[in-house]
1. What's the number of the condition residue B:679 fails, among (1) within 14 Å of chain A (Cβ to nearest Cβ); (2) in contact with a strand residue (DSSP E or B) (Cβ under 8 Å, 6 or more places away or on another chain); (3) surrounded by 24 or more Cβ atoms within 10 Å (Cβ to Cβ)?
2. Are there helices (runs of 4 or more DSSP H) fully within the stretch B:1-112 with at least 1 residues that are at pLDDT 95 or above, more than 14 Å from chain A (Cβ to nearest Cβ) and within 31 Å of the chain's Cα centre (by Cα)? List them.
3. Residues that are without any contact (Cβ under 8 Å) to a residue 24 or more places away in the chain: list the helices (runs of 4 or more DSSP H) wholly contained in the stretch B:335-452 that include at least 3 such residues.
4. I'd like to check something: does the stretch B:490-499 contain any residue that is surrounded by 22 or more Cβ atoms within 10 Å (Cβ to Cβ), within 14 Å of chain A (Cβ to nearest Cβ) and either under 23 Å from the mean Cα position of the chain (by Cα) or within 30 Å of residue B:383 (Cβ to Cβ) (or both)?
5. Checking the structure you have, find out if any residue of the stretch B:725-739 is more than 22 Å from the chain's Cα centre (by Cα), closer than 23 Å to residue B:680 by Cβ, free of Cβ contacts under 8 Å to residues at least 40 places away in the same chain and outside any helix (DSSP H, G or I).
6. If you go through the stretch B:188-215, how many residues are over 17 Å from residue B:30 (Cα atoms) and not in a strand (DSSP E or B)?
7. Condition (residue is farther than 16 Å from residue A:29 by Cβ, free of Cβ contacts under 8 Å to residues at least 24 places away in the same chain, within 11 Å of chain B (Cβ to nearest Cβ) and surrounded by fewer than 24 Cβ atoms within 10 Å (Cβ to Cβ)) applied to the stretch A:94-111: is it met by at least one residue?
8. Report yes if residue A:13 is farther than 26 Å from residue B:284 by Cβ, without any contact (Cβ under 8 Å) to a residue 24 or more places away in the chain and within 13 Å of another protein chain (Cβ to nearest Cβ), otherwise no.
């Protein structure tokens, strides 16, 4: 028994048949081969699988693919535009916000949501905003700095734009 | 002058990770791939009465179901232990157990299906009938006469004992002591929890009889060696092990795991590519775990605070089997650290490695050294309190003076270099320790529970030399390899035996090469993690990559330079000794005549055209070096932490953390700071929250991240880092390890800070993790 779903991922509409039990993260990784979204824990603690669903950060290991029917999803692969890195990607690079890189896509997608709702967060607000994402390498410090960097860059960009 | 080494250069590997293009094993998808899942024990200890696989095998989409006996019948070997101390009893371990399950997660059977969801369905159809047995989980209780035996042939569950030091000097120190401090402590079990779960995939080429294994390993060559020699039996020249991007290791991905045998075995058997990816619970139940020591220790002092003796007795929990390096950790990486930063004559440490119904224990970031630092620095702190001294003063009084390096400790090590007084001076200055103490006094008067923890820790990183490692029990050498391949048009490829899983070698190693050869950073490509492309290499663990792997790079670069000078001398018609290799400009010129020169690209091209080479010189420009260091390096640290304990809830808040480290010369400060801060946060995790808990039946009750408390971003202030630099005298870069210092120092710095905060309650010691509940109860 499969279901037909239509999901728009990174601006591209996909029509697929999926088992009802298929997790969104497996649909993204296995069916669409978008392997930038990682799986770290299966219980919604680590946040490595975070994607944007209609603009909201969502742990894709905790959502079924059928629930994504008709929705717009952005994954890490969809963040850079026209070959230019997103300010968050730039920030993580500039501030050494990643080591092994495994949590990074989820961190960046969570930060996207954070900055969309709070373009100029304090350090405490950033740290609180990352509460649902685990990193074992960096100690979070440079991730916080990366998001501060991106916030500044995006506000400047908004002024100029 | 170095252009790149010493500079904070942002990492060249980052763009792929930032765009979701990392090549982790779980991402691999090959045509016709099958998916493997492992049926694991739900019990800590039970005899296997019967395994019925019929229903699972009959499920449509299932390709095969195999049990341990199937592997044994086909000639698969036992999982070996790669570190053997004298008289060690190494219990039998098969990739899938056949007689008993000995820990929750012990593998019993595997199922292979067309789809990972189907494989999971089939697992539930495998029926295993168990006869439950009593379990033992505590390292010390395991040796008691009535304890259940984990392996029938290991009496008292005692795998080995080990001791080091000067026992007579220790006994004399305690006989003459003016003050003795005693402690019993537990260094609790930890679960490493790299965010990437382990995974393995394999492809068999039936035509060439070659096997390729992709695995989440910190050391693919060692995995190939063990697979060929002991477990899988495919010859090493027909077996390629690839360890691509790996999502964190922290030690847990050093070791040879059963799935690395089973996955390729199945791939050959069914002649299809096979992939296995652990879920988090599986990782919790099967990745080697860390620490788990029960320790009785004491320190002898004079009234003036001079430390004269240290005596330590430890029961180290090895888990249900000996993991690949298990016995190394509580022996040569633990008891050898008991001198700390201090000049102490009478040190004696002894330990017992015991088997229990728990997941095997092996190296986890710091690996033995945090346990050593914890013992020494808790004792020092308690001594200061009992003698009424400031813990800083007591430490300063006992530091090894810089004039005494190289310093021979009574516990085997010869410390290479250091300036511990300068180190503490720096920490005190950065933290403004005096002001911290004054503020603490004031806060106490207001009823606030502020605590300050100060520690000085030694690390031994980059275990070496190979001959000594061999005499201590190592089955392998601990050198490192590098091949530098200069291409005809002047680009360079470095093949390194080190492995990066977050450390940033693609940047830092390129910095070394670029400076040594005088080429641009972008001209250097760094390749690692593939036995099919590299010379044999030992991989990355024990903070060895810069000191050992980096030194091999320098040596191979020097050989390249020598050959280039030979070619240049011939073409410029001068003697070799009249030439200068200008590392800044990347050219060879005649001394005093910078214009009489050959550029790097001219010389690489000349080496490959071979039209005009000195007679007898081979064409081409590729050099290798195998570097076996003469000693460990000894990074050291002075860290100061400030915490506040909430009187009402017991919650500990970290308010400030100052980390001053001496890691010798620094290749890339950005990367080193990243290592230090990451390590500190991991150390704080152990001190305050993390604990792998087993109940009395051996049930692991912290097998998900819902139950195992990891450090979160909102629990930390900005960590302040600073450095002093005493170059290691025995490696060409002058570097020391930087990867583990944070974890080693932070754990005990936080413990000391919390005990300081609780001093008004007379609390002398609490075992970690210092959870709110535990702290709250201690205040009652």
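The values are calculated or read from the model by the stated rules, or taken from the named source; none is laboratory data. A quick note: this is a predicted structure, and the numbers were derived from the prediction, not measured. Here the Cβ is made from the backbone with ideal geometry for all residues, glycine too, and neighbour counts use every protein chain on show.
1. (2)
2. Values: elements: B:14-18, B:54-58, B:68-73.
By residue number, B:68-73.
3. Numbers: elements: B:369-387, B:391-398, B:420-431, B:433-445.
Per the criteria, B:433-445.
4. Scanning the stretch B:490-499 turns up at least one residue that is surrounded by 22 or more Cβ atoms within 10 Å (Cβ to Cβ), within 14 Å of chain A (Cβ to nearest Cβ) and either under 23 Å from the mean Cα position of the chain (by Cα) or within 30 Å of residue B:383 (Cβ to Cβ) (or both).
5. no
6. First pass over the stretch B:188-215, keeping only residues over 17 Å from residue B:30 (Cα atoms): B:188-198, B:207-209.
Next, only the ones that are not in a strand (DSSP E or B) stay: B:191-198, B:207-209.
Summing the residues that are over 17 Å from residue B:30 (Cα atoms) and not in a strand (DSSP E or B) in the stretch B:188-215 gives 11.
7. No, because not a single residue in the stretch A:94-111 is farther than 16 Å from residue A:29 by Cβ, free of Cβ contacts under 8 Å to residues at least 24 places away in the same chain, within 11 Å of chain B (Cβ to nearest Cβ) and surrounded by fewer than 24 Cβ atoms within 10 Å (Cβ to Cβ).
8. Values: farther than 26 Å from residue B:284 by Cβ: yes; without any contact (Cβ under 8 Å) to a residue 24 or more places away in the chain: yes; within 13 Å of another protein chain (Cβ to nearest Cβ): no.
No.
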